[in-house]
Amino acid sequence: MEVQTLKYPAIRNYVAGQSVEDASTATMDVFSPLSGALISTVPLSGAAALDAAVTAAKAAFPEWSATPIKERVQIFYRYKTLLERDMKALADLVREENGKTFDEARAEVEKAIELTEFACSMPQLIAGEVLEVSKGVEARVERKPLGVVASIAPFNFPNMVPHWTIPNAIVLGNTMVLKPSEQVPLSAVKIAELLKEAGLPAGVLNIVNGDKTIVEAICDHPDIQAVSFVGSTKIAKVVYIRATSNLKRCVALGGAKNHLMVLPDAHPDMTASNVAASMSGCAGQRCMAGSTMVGVGAVDHIVAKLVEEARKIIPGENLGSVISREAKERIEQHIAEAEAAGAKVLLDGRGAVVPGHEDGYYVGPTVIDYVTPDMRIAKEEVFGPVLAIMRTDTLDEALAIENASNYGNAAAVFTQSGSHARYVMDNASAGMIGVNIGVPVPREPFSFGGWNESKFGACDITGKSSIEFWTQLKKTTVKWNPESRVNWMS
Ligand code: NAD
C-alpha cells in the first residue's frame, strides 16, 4: 500500500515541555486552503489529554509564579528576538495553513512581536501600592496570578491570537493550556518550540489539540481558573456560560458585523482604498473587517472609486484564500441570496479560480450595492471579501442601522468634519471606533475587545485591561511596631 508523506509531520500535543502523541484518539486531516492539499493531521484529543496538560501546568505553577517578574520577562525578551529571527518561517506557516498572502501573514507575526513587547513592559505596569493607613499600619496591594489558565483560539489568526494571551498571562505568573483551532494547528507547534528555546520552563505552556470535546473539557476542568476564548458568537456564548457556571473567570470574544459610515465630504481616494482594504484584507476573515458600508447621502462618486480599487484585488496575488470549501460555499450563497433579494452586485467574486491552484478555496472581491437592513447579508457575519453597501439620507439613520446590530466589535466613519466624527464616536455601539480608519485595531498598550455580542465578560483580552483579567489582588495589612496605638483596625 502506498504511504502518503505529508508536508508537515502529524501534529502532536505539547505537555511538560515535550511533544507527545495522543494515540488514543481520532485525527482530523489538515488542508492548505491555498491549494486544497492535505498537509498534516491533528489529534482530536479528549479529557484525558487535557488532564495531563493541566497536571503539568499545575506542577509548574509554584516555581513559575514565585519567579520574580523581572526574571520572567527576560525569557520573553529572548523570545522576541527568536520571533524576529524566524519571521519568514512563521509567516510561511500562517500562509500555508490559513491561506493569507505572505504580507498579511508577516504582519500577523509583526503584531505577535508587538504583543510580546507589551508583555515585557509588565514590571513597569503592575507595581503594587502601599499606604500607611493608621499610625504604624501599612496596607499593601499586590497583583498575583490566578494559577492554571486556558486560551482557546480561532482559525483566522493562527499566530497572532495565541499571542493575545500567551505573553501577558504567562509573564503575569500564570501557567497555561492553549487549544489552537483544529483547522490551523501548525503555528502553535512552532510557538511552543521557540518559547522552549527562549528558556520557558517545562509545563508553563502546554498545548492540547482538538475540537468541541476539548473545549467543553476545558470549561469543566476544576483546576483551570480562567478561560479566554476567541471565535464565533455562537460558540463564545456556550463557552462563557459553561466556564462561568463552573465558577471560572471567562472572557469570550465573538463574531462581528462592522459598519463603515461614509459621508459625502469624505476624502474620496483615501476612503475608497481604506474601505476596499478593510473588507478584503485577510480575505475578509477578520473580526475587524468592514463588511458593511453605510453611504450617507450623495456618495456615488466614492462607491465608483471603491469598485475601481476592489478590481485591483486579485485572488492568488494580493488576495488570499478563504479557509475551506464550506466557507467558500457559504460566502457565495450569501452573495446569491442578496442578489435574489434585489441588491445590485457591482463586482462579483463568485467562481474565482487561481491558475495552478484550481483546488484552492478562493472568492474574489465582491461589492454589493443597495442592500437593505432586512437582508441576511446586512445582519449576519459573512467572513469573506464581500462588502454590502446600504444607503441612508442621514447620519442618524446610518447610526440606527449600526446600533441595531447584535454585534459591536468595530465601527468607523469617513468624513472631513470633526463634529460628524465626534457624533459617531459618541453614538456608535461598538468597542473599537475608527475615524478615517477602516480597521481600527487598538495598538498596545490599548486593549482589544468589542461590545454587545462581540464580547462576553468584563475585561478586554489584550493591553492594560488584560492585566485585570489574568491577575487577582492580594491586600495585606502590616503592623511591625508594638508601640503603635491600637485602634479599630490594628
Ligand atoms: P469557531 O467559533 O468555530 O471556533 C473557535 C474555537 O472554538 C476553535 O478552537 C474550535 O475548535 C472551537 N469550537 C468550535 N465549535 C465548538 C463547539 N460547538 N463547542 C465548543 N468549542 C467549539 O470560530 P472560527 O471559525 O475558528 O473563527 C472565526 C470566528 O471567530 C468569526 O466569527 C470571527 O469573527 C471570530 N473572531 C473574533 C475575534 C474577536 O476579537 N472578536 C477575533 C478573531 C476571530
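The values are calculated or read from the model by the stated rules, or taken from the named source; none is laboratory data. Treat the numbers as computed from the prediction; the structure is a model and nothing was measured. With ideal geometry, Cβ positions are generated from the backbone for all residues, glycine too; neighbour counts draw on all protein chains shown. Heads up: the accessible areas ignore ligands, DNA and RNA and are worked out on the full protein's heavy atoms, side chains in. Shrake-Rupley method; radii C 1.70, N 1.55, O 1.52, S 1.80 Å.
Hey, what's the range 259-435 come to in accessible area per residue, 1.4 Å probe, Å²? Walk me through the intermediate numbers first.
On the way: 6830 Å² over 177 residues.
That works out to 39 Å² for each residue.
Going by the alpha-carbon gyration tensor, a ≥ b ≥ c the square roots of its eigenvalues, is the chain rounded (a/c under 1.5) or, if a/c is not under 1.5, prolate (a/b greater than b/c) versus oblate? List each step's numbers first, then the result.
Numbers: a/c = 2.19, a/b = 1.34, b/c = 1.64.
Judged from the Cα gyration tensor, the chain comes out oblate (a/c at least 1.5, b/c at or above a/b).
By how many nm would the segment from ALA341 to MET270 lengthen if fully extended, with 0.36 nm per residue of separation less the alpha-carbon distance?
Numbers: separation 71, 0.36 × 71 = 25.56 nm, distance 3.09 nm.
Residue separation times 0.36 nm, minus the Cα-Cα distance, leaves 22.5 nm.
Find the eigenvalues of the gyration tensor of the Cα atoms of the range 63-162, then list the square roots of 5 times those eigenvalues as equivalent ellipsoid semi-axes, largest first, in whole angstrom.
Working: eigenvalues 285, 40, 27 Å².
Semi-axis lengths for the range 63-162 are 38, 14, 12 Å.
Between GLU132 and GLU114, what is 0.36 nm times their sequence separation minus the Cα-Cα distance? Round to one decimal in nm.
Details: separation 18, 0.36 × 18 = 6.48 nm, distance 3.80 nm.
That pair, GLU132 and GLU114, stretches by 2.7 nm at full extension.
Could you order the peptides 122-133, 98-109 from most to least packed, using the average number of other C-beta atoms within 10 Å per residue?
98-109, 122-133
Calculate how many DSSP beta bridges within the range 259-435 are antiparallel, expressed in % of all such bridges and rounded to the nearest 5.
On the way: 4 of 25 bridges.
Expressed as a percentage, antiparallel bridges in the range 259-435 total about 15.
Mean separation of Cα pairs under 8 Å and 6+ residues apart, divided by the residue count of the chain: what relative contact order is that in percent?
18
Taking the full set of protein chains and a 1.4 angstrom probe, give the accessible area of LYS479 in square angstrom, rounded to the nearest 10.
Per-residue accessible area (LYS479): approximately 70 Å².
Residue separation times 0.36 nm, minus the C-alpha to C-alpha distance between ASP300 and THR394: what's the value? Before the final figure, lay out each step's value.
Values: separation 94, 0.36 × 94 = 33.84 nm, distance 1.51 nm.
Gain on extension, ASP300 to THR394, equals 32.3 nm.
From largest accessible area down, sort PHE31, PHE383; use a 1.4 Å probe on the protein chains. Please list the in-between numbers first.
On the way: PHE31 90, PHE383 40 Å².
The residues order as PHE31, PHE383, largest area first.
What is the spin-label model distance, in nm, from ASP426 to TRP451 if the labels are put 7 Å beyond Cα along the C-beta direction?
1.4
Order the peptides 454-466, 172-184 from the highest to the lowest mean number of other Cβ atoms within 10 Å of their residues. Intermediate results must be reported in sequence, preceding the final value.
Values: 454-466: 21.5, 172-184: 24.8.
The peptides rank, most packed first, as 172-184, 454-466.
Of MET425, MET375, which has the most accessible area and how do the rest follow, probe 1.4 Å? All intermediate terms of the calculation are to be shown ahead of the outcome.
Working: MET425 85, MET375 20 Å².
Largest to smallest exposure gives the sequence MET425, MET375.
At 7 Å along Cα-to-Cβ for each site, give me the label-to-label distance between GLU84 and ARG140 in nm.
Result: 3.6 nm between the two label points.
Say a paramagnetic label sat at a point 7 Å from the Cα of ASN406, along Cα to Cβ; which residues of the range 361-385 have their backbone N under 18 Å from it?
373-384
Kindly work out what percent of the DSSP beta bridges joining two residues of the chain are antiparallel, to the nearest 5. Write down the numbers at each step before the final one.
On the way: 29 of 67 bridges.
For the chain, the DSSP antiparallel bridge percentage is about 45.
For the chain, what % of the accessible area comes from carbon and sulfur atoms, probe 1.4 Å?
On the way: 10960 of 20440 Å².
Using a 1.4 Å probe with all protein chains present, the chain comes out at 54 percent carbon and sulfur.
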